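Engineer: Have a look at this one.
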Amino acid sequence: MVQYNFKKITVVPPGKDFIDIILSRTQRQTPTVVHKGYAISRIRQFYMRKVRYSQQNFYEKLSTIIDEFPRLDDIHPFYGDLLHVLYNKDHYKLALGQINTARNIIAKISKDYLRLLKYGDSLYRCKCLKVAALGRMCTVVKRISPSLAYLEQIRQHMARLPSIDPNTRTVLICGYPNVGKSSFMNKVTRADVDVQPYAFTTKSLFVGHTDYKYLRYQVIDTPGILDRPFEDRNIIEMCSITALAHLRAAVLFFLDISGSCGYSIAQQAALFHSIKSLFMNKPLVIVCNKTDLQPLEGLSEDDMKLVMDMKAEAMKTITQAGDPNEEGVLLTMSTLTDDGVMAVKNAACERLLEQRVDVKMKSKKMVDCLNRFHVAVPKPRDNKERPICIPPAVLEARANAAAKEKKKLEKDFEQENGGAGVYSTSLKKHYILANDEWKEDILPEILDGHNVADFLDPDILERCEELEREEGLRLEEQAAQDAFEIDGHELTEEQKEILSQIRKKKALLIQEHRMKKRTAESRPIVPRKFDKDRKFTTKRMGRQLSSMGVDPSAAIARSKSRGRKRERSLSRAAADGDDMEVDGQQSNKKLRLRSRSRSKSRAPEEVIPGEGFKDSEQKKKAIKKAKDATRNRNKEARRGEADRVIPTLKPKHLFSGKRTLGKTSRR
Amino acid sequence: MRLEKCWFCSSTIYPGHGIQFVRNDAKIFRFCRSKCHKNFKMKRNPRKVKWTKAYRRLHGKDMTQDSTFEFERKRNRPERYDRNVTEQTLKAIPIITKARHERLKKHISDRQKPGKKKELERDNKELEQDINMLPKKLISNEASAEKTKVKVKVKVVQQQTEDRMEE
């Protein structure tokens, strides 16, 4: 079964784009780097590959176009004619033919140039050949660009054609313009065809689908046809004619009996008779539309005669001579009031089905199948009547069920007790409890900061009694214990008073001591515990020392001094020496100089033999002069050149503020 | 409607109070107030925070094991209502709570006993040793009786020792 779907045809690019696509693909998909220094065979191959590749691409692209566009001779004659009507068969064939020729020419060009490339003797020569080959191919394509543009247009149009299956069950609607074909279509199918009150609203074929007896029918809405010679008909009308001519369908010929479409019944009858050859061998139904404006009975006698003529013609299409089914030939309806629409549809479908079945029955295949069918029918044994038997138990049960009173629902309660909003159902009434009186009990959930539910226990009473017993025992025990421990009594009020005073006093003493300690500036002081009566004075010490025969003056002086410094001066050393050797104060300078160790320091002005000073006075002067000479001049610590300077790295006036004009650096 | 316990401090949460946090493993954390919630968010361990019930239980401050605790336990199975049982329960609750409070008091006083004893000893010693810090007239006025008692005691002791010496 051929599927007629023209939506999947690939896009046909216009000539320029076509060339761009191929060339850029060649550039991308083939190697791009070649050098003079390569072996000539490699260079040749490089360029041959390019030529061959672009030729293959051209070939593929053009082949897809040729393959995908339908060939008018191969497809169903309905489509063949439709495409011919719409696009002109000659033009179409010519375009495809041109593409085919172009494809062959390109193949030939590439063959020639590949042969030439085989003999290319330098990179330059090869390159030139390649350029020439591609150039010629492109020229060929450029020449067929009008054909490509035409095919692209056709492709777009074909994609929008309705997908009509010519072999399936089809109902075809035809008639003069503006007789109500499209509105019938809208009623019967889910298609949404534009309906307007002017002629030729429908300009092409439309397809909808409808169901009848579980079968799917395709309904085709055609543009209106005018009664004029075949050659004068325009493309829109020709679409209808094509469909009428080639589809094996049930035809509904629409007749506007009110004449509101602008054509009289006579004109419509004339059209009917002029195209009646197209209705041959098809179930034909004449539908009188717009009965809401003009009922069929109210027609004038002339018109009625015309209608009857048409009916007689239509009767001829009924194939079965033995069963002239008159009802399905002439029908009336009104698409406005939906009157008789379904009857028309059903009649058309029914007749189509009959006709198709007839055709199938007559076909050869059917004969092969028929002998395999057998319908079994039980033969009657005797003349005894055998009615349906229902057991009496079942009947009884049914009767009981019917008689049984209906369960009272919550809804009924509501009705009885004041209706919605007044009655509120009690959720508690379906509780399953040991006693029905308990249902409405109100009980606390929380008691003294505890969940009542946590305490619930069937044998709580016994446990509670046990607890009380326990508690009693405990209290007795405790009483006994208290009696035993009664001697560890507390302090009396008076005692407490005294104790607090004592503590106050203690605190005061401690505070005082701390104050004193602070004012002593952490100097060592003789702890008072050793000298409660302040007897250990320096005088007493002096007395004691002198009584022991020691001169106390130095010790006294030391105790009065603030303590020893860490210096190590000559005078101290001398004094120490003096202390040791109490008697005989020798001061022989020269002697001491010689004996003095090197590390001992001396006064700077002391004259050392060999330095060249007359006396210490002179040396003192010299030292002073030297000091003056080397004195640091900047005594007042003013800023000078030699000072280290860190300049303002980001001067604020250059980096902040508004900038109305120019750049920040220019301001 | 039921009273819940705070996850952090174990205090009772009445309906409409506090906040609760449901972790993505469906565990529910209830907090009695923002203080507890904040502490939880700071990832504090309630066992290490002094003011929580958990700390007090862990460190023996509160009673942990008692028969009164066994009366109150959460049941995860609904019980069918029975008026008699409920009545008995409602009567029993105050008795149980009272017993528990008594025991708690006892527990705390027992816990504090050693400290109290020590304190008393210290007070007595101080009173005895530092009585001389106060001016004498004050003591004679107010605590003469006390002092005389002490003096009497001393005398008795001395007598006894003298007796022994004689023997």
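Engineer: Which residue out of A:Glu440, A:Glu493 is in contact (Cβ under 8 Å) with a residue 12 or more places away in the chain and either open to solvent by 100 Å² or more (accessible area, probe 1.4 Å) or within 30 Å of B:Cys32 (Cβ to Cβ) (or both)?
Structural biologist: Just a single option satisfies the conditions, and that option is A:Glu440.
Engineer: Kindly indicate the residue of the stretch A:496-511 that is open to solvent by less than 80 Å² (accessible area, probe 1.4 Å) and under 15 Å from B:Leu120 (Cα atoms) and also farthest from the other protein chains (Cβ to nearest Cβ) among those meeting that condition.
Structural biologist: Here the residue is A:Ser500.
Engineer: Among the residues of the stretch A:473-487, is any among the β-branched types (Val, Ile, Thr), at pLDDT 90 or above and part of a helix (DSSP H, G or I)?
Structural biologist: Scanning the stretch A:473-487, I find no residue that is among the β-branched types (Val, Ile, Thr), at pLDDT 90 or above and part of a helix (DSSP H, G or I), so the answer is no.
Engineer: Among the residues of the stretch B:1-17, how many are more than 9 Å from chain A (Cβ to nearest Cβ) and without any contact (Cβ under 8 Å) to a residue 12 or more places away in the chain?
Structural biologist: 1
Engineer: Here is a follow-up. List every residue pair whose Cβ atoms lie under 7 Å apart, where the two residues are 6 or more positions apart in sequence or sit on different chains, the first residue falls within the stretch B:121-150 and is more than 10 Å from every other protein chain (Cβ to nearest Cβ), and the second residue, located anywhere, is loosely packed, with under 15 Cβ neighbours inside 10 Å and at pLDDT below 80.
Structural biologist: Qualifying pairs under 7 Å: none.
Engineer: So, one more: Considering the stretch B:68-96 alone, what residues qualify as being at the interface with chain A (Cβ under 9 Å from one of its Cβ atoms) and touching a residue at least 24 places away in the same chain (Cβ under 8 Å)?
Structural biologist: Across the stretch B:68-96, the qualifying residues are B:Thr68, B:Phe71, B:Glu72, B:Ile96.
Engineer: Which number in (1) in a helix (DSSP H, G or I); (2) touching a Cys at 6+ places or on another chain (Cβ under 8 Å) marks the one condition that A:Arg136 misses?
Structural biologist: (2)
Engineer: Given the condition hydroxyl-bearing (Ser, Thr, Tyr), in a loop (DSSP other than H, G, I, E, B) and within 30 Å of B:Gln88 (Cα to Cα), answer yes or no: does some residue in the stretch A:411-428 qualify?
Structural biologist: Taking every residue of the stretch A:411-428 in turn, at least one turns out to be hydroxyl-bearing (Ser, Thr, Tyr), in a loop (DSSP other than H, G, I, E, B) and within 30 Å of B:Gln88 (Cα to Cα).
Engineer: In the stretch B:97-119, how many are at the interface with chain A (Cβ under 9 Å from one of its Cβ atoms) and either touching a strand residue (DSSP E or B) at 6+ places or on another chain (Cβ under 6 Å) or buried (at least 16 other Cβ atoms within 10 Å of the Cβ) (or both)?
Structural biologist: 3
Engineer: Is it fair to say A:Leu461 is within 9 Å of another protein chain (Cβ to nearest Cβ) and not in a loop (DSSP other than H, G, I, E, B)?
Structural biologist: yes
Engineer: Filter the stretch A:530-560 for residues that are open to solvent by 100 Å² or more (accessible area, probe 1.4 Å) and outside any loop (DSSP other than H, G, I, E, B); which is modelled with the highest pLDDT?
Structural biologist: The residue in question is A:Arg543.
Engineer: Let me ask something else about it. Could you run through the stretch A:36-67 and say how many residues are open to solvent by 70 Å² or more (accessible area, probe 1.4 Å) and touching a residue at least 60 places away in the same chain (Cβ under 8 Å)?
Structural biologist: 2
Engineer: Provide a single number: the residues in the stretch A:25-34 that are more than 27 Å from A:Ala102 (Cβ to Cβ) and touching a residue at least 40 places away in the same chain (Cβ under 8 Å).
Structural biologist: Qualifying residue count, the stretch A:25-34: 1.
Engineer: Pairs, please: C-beta under 8 Å, at least 6 apart or cross-chain, first residue over 19 Å from A:Leu244 (Cα atoms) and in the stretch A:199-211, second in a strand (DSSP E or B) and open to solvent by less than 30 Å² (accessible area, probe 1.4 Å)?
Structural biologist: Going by the 8 Å Cβ cut-off, the qualifying pairs are A:Thr210/A:Val171; A:Thr210/A:Tyr217; A:Thr210/A:Val219; A:Asp211/A:Tyr217.
Engineer: Working carefully through the options B:Thr86, B:Thr97, find the one that is under 21 Å from the mean Cα position of the chain (by Cα), among the polar types (S, T, N, Q) and at pLDDT 90 or above.
Structural biologist: The match here is B:Thr97.
Residue-wise test of (1) on the phi > 0 side of the Ramachandran plot; (2) open to solvent by 50 Å² or more (accessible area, probe 1.4 Å).
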| position | (1), (2) |
| --- | --- |
| A:Asn383 | no, yes |
| A:Arg386 | no, yes |
| A:Ala403 | no, yes |
| A:Gly419 | yes, no |
| A:Ser424 | no, yes |
| A:Ile432 | no, yes |
| A:Asp457 | no, no |
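Yes or no, residue by residue, for (1) closer than 14 Å to B:Glu72 by Cα; (2) within 11 Å of chain B (Cβ to nearest Cβ):
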{"position": "A:Ala420", "(1), (2)": "no, no"}
{"position": "A:Tyr423", "(1), (2)": "no, no"}
{"position": "A:Lys428", "(1), (2)": "no, yes"}
{"position": "A:Ile432", "(1), (2)": "no, yes"}
{"position": "A:Trp438", "(1), (2)": "no, yes"}
{"position": "A:Asp441", "(1), (2)": "no, yes"}
{"position": "A:Ala453", "(1), (2)": "yes, yes"}
{"position": "A:Glu466", "(1), (2)": "no, yes"}
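Engineer: Now for a different question. Go through the stretch A:329-369 and give me each residue that's assigned to a helix (DSSP H, G or I) and open to solvent by 80 Å² or more (accessible area, probe 1.4 Å).
Structural biologist: A:Met342, A:Lys360, A:Met361, A:Lys362, A:Lys364, A:Lys365, A:Val367, A:Asp368
Engineer: Hey, another quick one. Applying the selection to the stretch B:65-86, what residues are open to solvent by 100 Å² or more (accessible area, probe 1.4 Å) and not basic (Lys, Arg)?
Structural biologist: B:Gln65, B:Glu70, B:Asn76, B:Pro78, B:Glu79
Engineer: Here is a list of conditions, (1) part of a helix (DSSP H, G or I); (2) open to solvent by 30 Å² or more (accessible area, probe 1.4 Å), and A:Asp194 meets all of them except one; can you say which number that is?
Structural biologist: Just one mismatch for A:Asp194, condition (1).
Engineer: Sticking with this structure for a sec: Across the stretch B:57-81, what is the total count of residues that are in contact with a Lys or Arg (Cβ under 8 Å, 6 or more places away or on another chain) and at negative phi?
Structural biologist: 9
Engineer: Would you be able to tell me the number of residues in the stretch A:109-123 that are surrounded by fewer than 18 Cβ atoms within 10 Å (Cβ to Cβ) and among the hydroxyl-bearing types (Ser, Thr, Tyr)?
Structural biologist: 2
The values are calculated or read from the model by the stated rules, or taken from the named source; none is laboratory data. Treat the numbers as computed from the prediction; the structure is a model and nothing was measured. Positions of Cβ are backbone-derived with ideal geometry, glycine not excepted, and every protein chain shown enters the neighbour counts. Ligands, DNA and RNA are excluded from the accessible area calculation, which covers all protein heavy atoms including side chains. Shrake-Rupley method; radii C 1.70, N 1.55, O 1.52, S 1.80 Å.
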